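Since the structure comes first, as C-alpha coordinates, the remarks are kept for the end.
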2 protein chains.
Amino acid sequence: MATQTAAQQRAQAKVEYDAFLAGCPSRALLDRISDKWVVLVLCALGDDTEPSTSGGDVPRSMRYSQLARRLAGVSQKMLTQTLRSLERDGLLTRTVTPTVPVTVEYALTDLGASLHRLTRGLGTWAQGNMDAVLANRERHDAAAGADVGAGDR
Amino acid sequence: MATQTAAQQRAQAKVEYDAFLAGCPSRALLDRISDKWVVLVLCALGDDTEPSTSGGDVPRSMRYSQLARRLAGVSQKMLTQTLRSLERDGLLTRTVTPTVPVTVEYALTDLGASLHRLTRGLGTWAQGNMDAVLANRERHDAAAGADVGAGDR
DNA sequence: CCGGATCCCGAAGGATACTG
DNA sequence: CAGTATCCTTCGGGATCCGG
(Lines give C-alpha, C1' and ligand atoms only; values in the text may rest on other atoms or scores of the structure.)
Protein backbone atom coordinates (compact mmCIF):
# COMPACT_ATOMS: atom_id res chain seq x y z
CA MET A 1 0.00 0.00 0.00
CA ALA A 2 1.16 3.49 -0.64
CA THR A 3 2.36 5.02 2.60
CA GLN A 4 4.31 7.67 0.69
CA THR A 5 2.99 11.12 0.03
CA ALA A 6 2.41 12.18 -3.50
CA ALA A 7 5.44 14.42 -3.28
CA GLN A 8 7.67 11.58 -2.20
CA GLN A 9 6.46 9.38 -5.01
CA ARG A 10 7.13 12.17 -7.43
CA ALA A 11 10.60 12.99 -6.18
CA GLN A 12 11.67 9.38 -6.01
CA ALA A 13 12.60 6.80 -8.58
CA LYS A 14 10.12 8.01 -11.16
CA VAL A 15 11.91 8.03 -14.47
CA GLU A 16 9.28 8.96 -16.96
CA TYR A 17 11.49 11.96 -17.62
CA ASP A 18 15.14 11.74 -18.67
CA ALA A 19 17.16 14.93 -18.37
CA PHE A 20 19.80 13.61 -20.76
CA LEU A 21 17.38 13.54 -23.68
CA ALA A 22 17.49 16.75 -25.68
CA GLY A 23 13.75 16.82 -26.28
CA CYS A 24 12.65 15.98 -22.75
CA PRO A 25 10.95 18.76 -20.78
CA SER A 26 13.04 17.85 -17.74
CA ARG A 27 16.14 18.68 -19.75
CA ALA A 28 14.81 22.17 -20.35
CA LEU A 29 13.96 22.44 -16.66
CA LEU A 30 17.44 21.31 -15.67
CA ASP A 31 18.89 23.91 -18.03
CA ARG A 32 16.79 26.59 -16.32
CA ILE A 33 17.77 25.72 -12.79
CA SER A 34 21.41 25.27 -13.81
CA ASP A 35 21.67 28.99 -14.25
CA LYS A 36 23.86 31.24 -12.17
CA TRP A 37 21.17 33.82 -11.50
CA VAL A 38 18.59 31.19 -10.60
CA VAL A 39 21.01 29.62 -8.14
CA LEU A 40 21.89 32.97 -6.59
CA VAL A 41 18.27 34.09 -6.30
CA LEU A 42 17.28 30.86 -4.61
CA CYS A 43 20.27 31.07 -2.28
CA ALA A 44 19.41 34.64 -1.37
CA LEU A 45 15.74 33.95 -0.71
CA GLY A 46 16.44 30.85 1.35
CA ASP A 47 19.54 31.88 3.22
CA ASP A 48 18.29 35.26 4.29
CA THR A 49 20.15 35.87 7.53
CA GLU A 50 18.12 35.97 10.73
CA PRO A 51 16.48 32.66 11.68
CA SER A 52 13.19 34.46 12.32
CA THR A 53 12.10 35.46 15.82
CA SER A 54 9.18 33.04 15.69
CA GLY A 55 11.73 30.28 15.32
CA GLY A 56 10.16 28.52 12.35
CA ASP A 57 11.21 28.28 8.74
CA VAL A 58 8.65 30.79 7.59
CA PRO A 59 9.18 31.45 3.91
CA ARG A 60 11.34 34.54 3.82
CA SER A 61 10.47 37.37 1.57
CA MET A 62 12.75 39.92 0.03
CA ARG A 63 12.02 43.04 -1.91
CA TYR A 64 13.22 43.51 -5.44
CA SER A 65 15.80 46.09 -4.43
CA GLN A 66 17.04 43.90 -1.59
CA LEU A 67 17.68 41.08 -4.01
CA ALA A 68 19.35 43.44 -6.45
CA ARG A 69 21.69 44.62 -3.73
CA ARG A 70 22.45 41.15 -2.39
CA LEU A 71 23.17 39.69 -5.83
CA ALA A 72 25.91 42.18 -6.51
CA GLY A 73 26.45 42.69 -10.19
CA VAL A 74 23.13 41.45 -11.51
CA SER A 75 21.41 43.56 -14.16
CA GLN A 76 17.79 44.55 -13.59
CA LYS A 77 16.94 42.83 -16.81
CA MET A 78 18.27 39.44 -15.74
CA LEU A 79 16.94 39.77 -12.21
CA THR A 80 13.43 40.53 -13.42
CA GLN A 81 13.60 37.86 -16.09
CA THR A 82 14.86 35.27 -13.63
CA LEU A 83 12.26 36.14 -11.02
CA ARG A 84 9.43 35.98 -13.56
CA SER A 85 10.60 32.61 -14.78
CA LEU A 86 10.79 31.25 -11.25
CA GLU A 87 7.36 32.63 -10.48
CA ARG A 88 5.87 30.97 -13.52
CA ASP A 89 7.41 27.66 -12.52
CA GLY A 90 5.90 27.97 -9.05
CA LEU A 91 9.22 28.24 -7.22
CA LEU A 92 8.48 31.62 -5.71
CA THR A 93 5.60 34.02 -5.20
CA ARG A 94 5.48 37.64 -6.29
CA THR A 95 3.42 40.00 -4.17
CA VAL A 96 2.77 43.55 -5.26
CA THR A 97 1.72 46.05 -2.61
CA PRO A 98 0.53 49.31 -4.14
CA THR A 99 2.11 51.60 -1.57
CA VAL A 100 3.35 55.04 -2.50
CA PRO A 101 6.50 53.79 -4.12
CA VAL A 102 5.29 50.38 -5.17
CA THR A 103 6.55 47.45 -3.09
CA VAL A 104 7.20 44.01 -4.57
CA GLU A 105 8.03 41.06 -2.35
CA TYR A 106 9.39 37.72 -3.42
CA ALA A 107 9.27 34.55 -1.32
CA LEU A 108 10.02 30.89 -1.89
CA THR A 109 7.19 28.41 -2.23
CA ASP A 110 7.56 24.92 -0.79
CA LEU A 111 8.69 23.73 -4.19
CA GLY A 112 11.24 26.52 -4.35
CA ALA A 113 12.43 25.71 -0.85
CA SER A 114 13.04 22.10 -1.86
CA LEU A 115 15.24 23.29 -4.70
CA HIS A 116 16.91 25.82 -2.47
CA ARG A 117 18.33 23.01 -0.37
CA LEU A 118 20.24 21.86 -3.44
CA THR A 119 21.33 25.23 -4.79
CA ARG A 120 22.46 26.20 -1.33
CA GLY A 121 24.74 23.19 -1.43
CA LEU A 122 26.31 24.57 -4.57
CA GLY A 123 26.97 27.89 -2.90
CA THR A 124 28.62 26.36 0.14
CA TRP A 125 30.56 23.98 -2.09
CA ALA A 126 31.93 26.88 -4.10
CA GLN A 127 32.99 28.71 -0.97
CA GLY A 128 34.35 25.62 0.77
CA ASN A 129 36.35 24.29 -2.17
CA MET A 130 37.58 27.54 -3.59
CA ASP A 131 41.09 27.00 -2.23
CA ALA A 132 41.33 23.52 -3.67
CA VAL A 133 40.17 24.70 -7.08
CA LEU A 134 42.57 27.63 -6.99
CA ALA A 135 45.43 25.27 -6.18
CA ASN A 136 44.45 22.95 -9.02
CA ARG A 137 44.34 25.82 -11.46
CA GLU A 138 47.79 26.93 -10.46
CA ARG A 139 49.21 23.45 -10.85
CA HIS A 140 47.46 22.99 -14.18
CA ASP A 141 48.60 26.33 -15.57
CA ALA A 142 52.15 25.77 -14.33
CA ALA A 143 52.25 22.36 -16.03
CA ALA A 144 51.03 23.90 -19.28
CA GLY A 145 53.68 26.58 -19.01
CA ALA A 146 56.34 23.93 -18.33
CA ASP A 147 55.24 22.04 -21.45
CA VAL A 148 55.76 25.12 -23.53
CA GLY A 149 59.12 25.77 -21.92
CA ALA A 150 60.21 22.15 -22.46
CA GLY A 151 60.30 22.59 -26.20
CA ASP A 152 62.36 25.70 -25.72
CA ARG A 153 66.16 26.11 -26.09
CA MET B 1 42.13 18.06 18.70
CA ALA B 2 41.08 18.09 15.12
CA THR B 3 39.28 14.88 14.30
CA GLN B 4 38.07 16.33 11.02
CA THR B 5 39.88 15.78 7.78
CA ALA B 6 41.28 18.77 5.98
CA ALA B 7 38.54 18.41 3.38
CA GLN B 8 35.83 18.53 6.01
CA GLN B 9 37.30 21.62 7.55
CA ARG B 10 37.45 23.23 4.16
CA ALA B 11 33.92 22.34 3.15
CA GLN B 12 32.46 23.42 6.44
CA ALA B 13 31.75 26.76 8.02
CA LYS B 14 34.69 28.51 6.43
CA VAL B 15 33.43 31.83 5.20
CA GLU B 16 36.50 33.62 4.01
CA TYR B 17 34.75 33.56 0.64
CA ASP B 18 31.32 35.02 -0.05
CA ALA B 19 29.65 33.92 -3.26
CA PHE B 20 27.28 36.89 -3.16
CA LEU B 21 30.11 39.39 -3.61
CA ALA B 22 30.65 40.23 -7.24
CA GLY B 23 34.41 40.35 -6.94
CA CYS B 24 34.87 37.19 -4.89
CA PRO B 25 36.52 34.24 -6.66
CA SER B 26 33.90 31.92 -5.19
CA ARG B 27 31.26 33.89 -7.06
CA ALA B 28 33.04 33.16 -10.33
CA LEU B 29 33.34 29.53 -9.30
CA LEU B 30 29.64 29.35 -8.48
CA ASP B 31 28.86 30.87 -11.86
CA ARG B 32 30.94 28.18 -13.53
CA ILE B 33 29.35 25.25 -11.76
CA SER B 34 25.89 26.76 -12.21
CA ASP B 35 26.11 25.97 -15.89
CA LYS B 36 23.90 23.51 -17.68
CA TRP B 37 26.73 21.74 -19.47
CA VAL B 38 28.82 21.49 -16.34
CA VAL B 39 25.90 19.94 -14.49
CA LEU B 40 25.18 17.50 -17.28
CA VAL B 41 28.82 16.47 -17.70
CA LEU B 42 29.16 15.82 -13.99
CA CYS B 43 25.90 13.90 -13.93
CA ALA B 44 27.00 11.79 -16.87
CA LEU B 45 30.42 10.98 -15.45
CA GLY B 46 29.08 10.15 -12.02
CA ASP B 47 25.88 8.37 -12.88
CA ASP B 48 27.33 6.14 -15.54
CA THR B 49 25.09 3.06 -15.41
CA GLU B 50 26.71 -0.19 -14.30
CA PRO B 51 27.82 -0.22 -10.65
CA SER B 52 31.15 -1.76 -11.69
CA THR B 53 31.80 -5.50 -11.46
CA SER B 54 34.39 -4.95 -8.77
CA GLY B 55 31.64 -3.45 -6.67
CA GLY B 56 33.42 -0.27 -5.61
CA ASP B 57 32.90 3.31 -6.57
CA VAL B 58 35.87 3.38 -8.85
CA PRO B 59 35.94 6.70 -10.65
CA ARG B 60 34.14 6.04 -13.90
CA SER B 61 35.64 7.13 -17.13
CA MET B 62 33.94 8.00 -20.36
CA ARG B 63 35.31 8.75 -23.75
CA TYR B 64 34.70 12.03 -25.51
CA SER B 65 32.28 10.53 -28.00
CA GLN B 66 30.41 8.69 -25.26
CA LEU B 67 29.84 11.97 -23.47
CA ALA B 68 28.83 13.68 -26.69
CA ARG B 69 26.24 11.00 -27.32
CA ARG B 70 24.90 10.97 -23.77
CA LEU B 71 24.57 14.74 -23.57
CA ALA B 72 22.26 14.87 -26.53
CA GLY B 73 22.34 18.24 -28.23
CA VAL B 74 25.67 19.52 -26.96
CA SER B 75 27.98 21.14 -29.49
CA GLN B 76 31.60 19.94 -29.71
CA LYS B 77 32.68 23.43 -28.91
CA MET B 78 30.82 23.63 -25.61
CA LEU B 79 31.63 20.05 -24.66
CA THR B 80 35.35 20.57 -25.21
CA GLN B 81 35.29 23.96 -23.54
CA THR B 82 33.41 22.61 -20.52
CA LEU B 83 35.67 19.59 -20.16
CA ARG B 84 38.81 21.73 -20.36
CA SER B 85 37.48 24.08 -17.75
CA LEU B 86 36.60 21.23 -15.40
CA GLU B 87 40.01 19.69 -15.94
CA ARG B 88 41.74 22.94 -15.10
CA ASP B 89 39.72 23.24 -11.90
CA GLY B 90 40.71 19.71 -10.91
CA LEU B 91 37.19 18.27 -11.10
CA LEU B 92 38.07 15.67 -13.68
CA THR B 93 41.09 14.08 -15.31
CA ARG B 94 41.78 13.90 -19.02
CA THR B 95 43.76 10.90 -20.19
CA VAL B 96 45.03 10.62 -23.75
CA THR B 97 45.95 7.19 -25.05
CA PRO B 98 47.78 7.40 -28.39
CA THR B 99 46.12 4.40 -30.00
CA VAL B 100 45.49 4.26 -33.73
CA PRO B 101 42.49 6.54 -33.59
CA VAL B 102 43.42 8.53 -30.50
CA THR B 103 41.48 7.73 -27.33
CA VAL B 104 40.63 10.31 -24.68
CA GLU B 105 39.10 9.31 -21.37
CA TYR B 106 37.51 11.60 -18.83
CA ALA B 107 36.96 10.65 -15.19
CA LEU B 108 35.89 12.49 -12.05
CA THR B 109 38.44 13.30 -9.39
CA ASP B 110 37.48 13.12 -5.72
CA LEU B 111 36.74 16.82 -5.84
CA GLY B 112 34.59 16.33 -8.90
CA ALA B 113 32.78 13.45 -7.25
CA SER B 114 31.95 15.63 -4.27
CA LEU B 115 30.35 18.16 -6.59
CA HIS B 116 28.64 15.41 -8.53
CA ARG B 117 26.61 14.52 -5.46
CA LEU B 118 25.09 17.99 -5.63
CA THR B 119 24.57 18.28 -9.37
CA ARG B 120 23.05 14.84 -9.40
CA GLY B 121 20.49 16.16 -6.95
CA LEU B 122 19.59 18.85 -9.47
CA GLY B 123 19.05 16.25 -12.17
CA THR B 124 16.79 14.09 -10.06
CA TRP B 125 14.96 17.17 -8.80
CA ALA B 126 14.25 18.27 -12.35
CA GLN B 127 12.94 14.85 -13.28
CA GLY B 128 11.00 14.39 -10.05
CA ASN B 129 9.34 17.78 -9.98
CA MET B 130 8.69 18.17 -13.68
CA ASP B 131 4.98 17.47 -13.28
CA ALA B 132 4.60 19.99 -10.48
CA VAL B 133 6.38 22.67 -12.47
CA LEU B 134 4.33 21.92 -15.56
CA ALA B 135 1.14 22.24 -13.51
CA ASN B 136 2.29 25.54 -12.06
CA ARG B 137 3.07 26.90 -15.49
CA GLU B 138 -0.37 25.99 -16.75
CA ARG B 139 -2.07 27.66 -13.81
CA HIS B 140 0.12 30.73 -14.14
CA ASP B 141 -0.44 31.08 -17.87
CA ALA B 142 -4.16 30.50 -17.47
CA ALA B 143 -4.35 33.18 -14.79
CA ALA B 144 -2.51 35.62 -17.01
CA GLY B 145 -4.88 34.88 -19.83
CA ALA B 146 -7.86 35.37 -17.50
CA ASP B 147 -6.48 38.75 -16.45
CA VAL B 148 -6.37 39.87 -20.02
CA GLY B 149 -9.92 38.67 -20.56
CA ALA B 150 -11.10 40.38 -17.37
CA GLY B 151 -10.24 43.80 -18.70
CA ASP B 152 -12.11 43.02 -21.85
CA ARG B 153 -15.57 44.42 -22.72
C1' DC C 1 11.96 57.27 -5.99
C1' DC C 2 10.63 51.68 -6.93
C1' DG C 3 10.03 48.29 -10.20
C1' DG C 4 10.38 47.20 -14.75
C1' DA C 5 10.05 47.54 -20.06
C1' DT C 6 12.84 48.71 -24.17
C1' DC C 7 16.72 49.35 -27.24
C1' DC C 8 21.44 48.68 -28.61
C1' DC C 9 25.68 46.36 -28.67
C1' DG C 10 29.36 43.06 -27.43
C1' DA C 11 30.03 38.37 -25.93
C1' DA C 12 28.71 33.74 -25.43
C1' DG C 13 26.87 29.70 -27.68
C1' DG C 14 25.45 26.64 -31.79
C1' DA C 15 26.17 24.54 -36.63
C1' DT C 16 29.27 23.21 -39.91
C1' DA C 17 33.62 22.15 -42.18
C1' DC C 18 38.24 20.89 -41.78
C1' DT C 19 42.65 18.63 -39.52
C1' DG C 20 46.13 15.57 -36.79
C1' DC D 1 38.20 9.83 -32.88
C1' DA D 2 38.84 14.03 -30.84
C1' DG D 3 39.23 18.02 -31.42
C1' DT D 4 40.24 23.18 -33.88
C1' DA D 5 38.63 26.97 -36.87
C1' DT D 6 35.05 29.61 -38.96
C1' DC D 7 30.94 31.53 -39.33
C1' DC D 8 26.40 33.25 -37.61
C1' DT D 9 22.61 33.48 -34.31
C1' DT D 10 21.14 34.40 -29.78
C1' DC D 11 21.60 35.89 -25.22
C1' DG D 12 23.15 38.92 -21.52
C1' DG D 13 24.69 43.65 -19.83
C1' DG D 14 24.27 48.88 -19.87
C1' DA D 15 21.77 52.82 -20.51
C1' DT D 16 17.52 54.96 -21.03
C1' DC D 17 12.65 55.74 -20.50
C1' DC D 18 7.92 54.77 -18.35
C1' DG D 19 3.99 53.92 -14.97
C1' DG D 20 2.53 54.63 -10.50
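Residue-wise HN-Hα couplings along region B:107-116, as the Karplus relation 6.51 cos²θ - 1.76 cosθ + 1.60 with θ = phi - 60° gives them from phi, are 9, 6, 8, 4, 4, x, 5, 5, 6, 4 Hz; Gly and Pro carry x. What is the set of long-range amide H partners of A:Thr103 at a cut-off below 5 Å, with H atoms built 1.01 Å from backbone N? HN-HN under 5 Å from A:Thr103: A:Thr97.
Counting from the shortest, the label point at A:Thr103, 7 Å from Cα toward Cβ, is 6.6 nm from the same position in each remaining copy. Of the residues making up region A:83-100, those losing 20 Å² or more of accessible area when the isolated chain is joined by the remaining protein chains, with a 1.4 Å probe, are A:Glu87, A:Arg88, A:Asp89.
Let me confirm one metric for peptide A:131-143, namely the mean number of other chain beta-carbon atoms within 10 Å of its residues' beta-carbons.
On the way: counts 6, 11, 12, 5, 1, 7, 5, 0, 2, 5, 1, 0, 0.
The mean count of partner-chain Cβ atoms within 10 Å per residue comes to 4.
Converting phi to 3J(HN,Hα) with the Karplus coefficients 6.51, -1.76 and 1.60 and the offset θ = phi - 60°, region A:83-91 yields 5, 4, 4, 5, 5, 4, 7, x, 8 Hz in sequence order, with x at every glycine or proline. Database remark: amide H of A:Arg60 closer than 5 angstrom to the amide H of A:Leu108 (H placed geometrically; neighbours at sequence offset of 5 or more, or on other chains; Pro and chain starts carry no H).
Interface area, chains B and A: about 5500 Å² of buried accessible surface, summed, with a 1.4 Å probe and ligands, DNA and RNA left out. Just the protein heavy atoms count here, and of the accessible area of region A:68-153 at 1.4 Å, carbon and sulfur take up 55 percent.
The values are calculated or read from the model by the stated rules, or taken from the named source; none is laboratory data. These numbers were taken from a predicted model, which means no experiment stands behind them. Methodologically, a virtual Cβ is constructed for each residue, glycine included, from the backbone with ideal geometry; neighbour enumeration extends over all protein chains shown. These area figures cover heavy atoms from the full protein model, side chains too; ligands, DNA and RNA do not enter into them. Shrake-Rupley method; radii C 1.70, N 1.55, O 1.52, S 1.80 Å.
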